1. Limited to region 193-206, what total is found for residues that are in contact (Cβ under 8 Å) with a residue 24 or more places away in the chain and not in a strand (DSSP E or B)?
2. Working only within region 89-102, note down all residues that are surrounded by fewer than 24 Cβ atoms within 10 Å (Cβ to Cβ) and either within 16 Å of ligand 3 (Cβ to nearest atom) or not in a strand (DSSP E or B) (or both).
3. Ile108: within 16 Å of ligand 2 (Cβ to nearest atom), under 26 Å from Asp164 (Cα atoms) and part of a strand (DSSP E or B), yes or no?
4. Return the total of residues in region 44-65 being closer than 22 Å to Gln98 by Cα, surrounded by fewer than 19 Cβ atoms within 10 Å (Cβ to Cβ) and more than 35 Å from the chain's Cα centre (by Cα).
5. How about region 27-43: which of its residues are assigned to a loop (DSSP other than H, G, I, E, B), exposed (fewer than 13 other Cβ atoms within 10 Å of the Cβ) and not acidic (Asp, Glu)?
6. Here are some residues: Ser166, Ser172, Ser112. Which one is touching a Phe, Trp or Tyr at 6+ places or on another chain (Cβ under 9 Å), within 14 Å of ligand 3 (Cβ to nearest atom) and hydroxyl-bearing (Ser, Thr, Tyr)?
7. Checking Leu220 against (1) farther than 14 Å from Tyr110 by Cβ; (2) more than 16 Å from ligand 3 (Cβ to nearest atom), which test does it fail?
8. Looking at Ala215, is it within 16 Å of ligand 2 (Cβ to nearest atom) and aliphatic (A, V, I, L, M)?
Amino acid sequence: MTSPRVLLVLLAAVAAISAQNNPVFKKFEYKHSFRAPNLAQRDGSIPFWIVSGDAIASGEQLRLAPSMRSRKGIAWNKRAFVESENFQVDIALKIGGQGRVGADGLGIWYTSQLGALGPVFGANDFWTGMGIFLDSFDNDGIKNNPQVALMLNDGTRSYDHHTDGSQQILSSCQRDFRNKPYPVRLRIEYLKNVLLVHVDDGMQPTPRYELCMRAENIYLPKNGYFGVSAATGGLADDHDVLDFSVFSLFSEQQKPTPVAEQIPQQEKQKYDEEFERQMKEYEAERAKFKEQHPDKVKEDDEYDPSKYYEDATARELRLIYESQNAIHQVMQNMDQRLAQIQQTQATGHVAPAAAAGQQAGGAVAGGASFQPHEKNEVITSLRDLSQSVRDMKQYVNEIFTKTYNMEQKLTQGGGATGGGVDSSMHQKVDSLLNELRTVRATQIETSGSGGSPGTCQNNCVSSTIFLLIIFIQSIVIVAVVYVRSKQDKAKFY
Ligand code: MAN
Ligand code: CA
Ligand code: CA
């Protein structure tokens with residue numbers, strides 16, 4: 001196996017393992033999102049959102065509060081977030097103005113009720129749920145702004161604007177998010193009652209997130225509403241949101257049921273029958289058309305998608321076939337070289353190629369002796385051969401693993417569906433596995449004795465046995481492909 005292929009296999013394995021440890025499925029929820037361009041419609045409304053106060057939406061941005069004194073604006077999602085209990089929100093925003101200091105800031109909300117205009121960064125106080133504040137102005141003067149702060153509320157608490165909520169916020173980080181060359185991005189993840197907030201610095205077009213806060217044991221209201229708000233006071237900044245993208249997150253256990261599994265059994269049977277009927281009709285029509293237009297049918301039949309596309313199985317087969325060809329080629333070359341050497345030794349005569357080597361290298365050696373370059377060539381050929389054998393071993397191992405996995409799945413599937421897969425299939429896979437085990441064992445022996453070309457004397461595998469192995473292996477591969485295609489057909493629905 002060549003090194004890039006090894007690397008790919010390793011990467012795939014690592015990805016599979018990490019996905020197993022932390023399987024999270026993510027789905028974009030357009031009914032809870034908006035993003036530029038075409039953020040708003042011509043009339044300034046955002047589909048599924050309410051915009052009010054001083055907020056103005058255009059195609060490019062939602063300006064929640066302009067850089068004018070004492071303004072406030074909000075936008076709230078009209079639909080409750082019912083898709084999942086967990087979410088990710090990716091936000092891109094621009095906050096800035098002429099002043100060295102700006103005010104007052106922007107709120108990102110997830111609340112049990114729709115929001116209204118109010119004193120907390122433009123939104124109502126005594127909310128239930130989560131508020132994340134990008135607080136630009138240092139009201140308590142302890143030089144810790146601009147900051148990003150998280151405050152949870154159960155509907156009973158009033159945000160203390162004069163202290164920047166310092167006694168109320170659960171977690172915060174100091175970040176300068178004003179007047180950045182690129183939009184500043186925030187990523188809020190709420191999964192399994194852990195809330196994570198990452199913030200990017202807005203210094204490059206692609207986000208570079210850094211962890212701002214992590215809070216555990218967070219219980220947000222179910223079916224809440226997303227919202228954004230902003231306010232200015234004595235000082236003012238523009239507060240623009242360019243992207244508000246909500247994703248529902250699902251862990252493995254909460255994974256939404258595929259549509260196919262949601263269809264009741266009776267209906268499924270009905271659809272299957274309908275499909276069968278239509279398929280028969282189509283075949284009949286096709287046959288009729290063939291009869292009536294034999295000239296056109298030829299063209300039609302010549303269309304073979306496999307000419308243009310290569311599926312995974314075809315690719316595997318091609319690689320094995322190429323590898324076998326390479327081995328064959330190396331063996332043929334070696335055979336030729338050995339015949340030449342034999343001839344030279346028998347006649348005591350220098351072969352033309354060896355003679356040319358002598359002239360060029362200027363080395364003088366007896367006609368019957370092994371020339372250094374000949375030795376090198378043989379060693380190189382042997383190395384090539386052992387490399388190819390190792391490649392083959394790897395392919396066989398891969399196929400073995402896949403077949404084994406397939407058998408495991410079939411066994412499990414059969415148990416769960418009460419014998420849904422016929423027993424002949426099991427037998428086939430079993431015999432296939434046994435054959436593969438034999439091939440693998442033979443290959444391990446082969447590579448064990450042929451691994452170091454220099455030491456190979458009596459224990460080397462003969463070319464006949466080797467070709468026999470390749471032949472058996474080819475049969476096994478064809479069998480695997482057959483079983484797979486059978487399985488694929490079964491999975492068609
Ligand atoms: C004034 C008041 C404050 C506000 C600051 C900054 O001091 O309006 O409430 O936070 O300006 O805008
Ligand atoms: Ca403040
Ligand atoms: Ca402060």
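What follows is calculated from the coordinates using simple rules that are stated; it is not laboratory data. Computed from a predicted model, the values in this text were never measured in an experiment. All Cβ positions, even for glycine, are placed from backbone atoms using ideal geometry, and neighbour counts span all protein chains on display.
1. Of the residues in region 193-206, 3 are in contact (Cβ under 8 Å) with a residue 24 or more places away in the chain and not in a strand (DSSP E or B).
2. Listed by number, the residues that qualify are Gly97, Gln98, Gly99, Arg100, Val101.
3. Values: within 16 Å of ligand 2 (Cβ to nearest atom): yes; under 26 Å from Asp164 (Cα atoms): yes; part of a strand (DSSP E or B): yes.
Taking the combined requirement at face value, the residue satisfies it.
4. Residues flagged as closer than 22 Å to Gln98 by Cα, surrounded by fewer than 19 Cβ atoms within 10 Å (Cβ to Cβ) and more than 35 Å from the chain's Cα centre (by Cα) within region 44-65 amount to 1.
5. Residues satisfying the conditions are Pro37, Asn38, Gln41, Arg42.
6. Ser172
7. (1)
8. no
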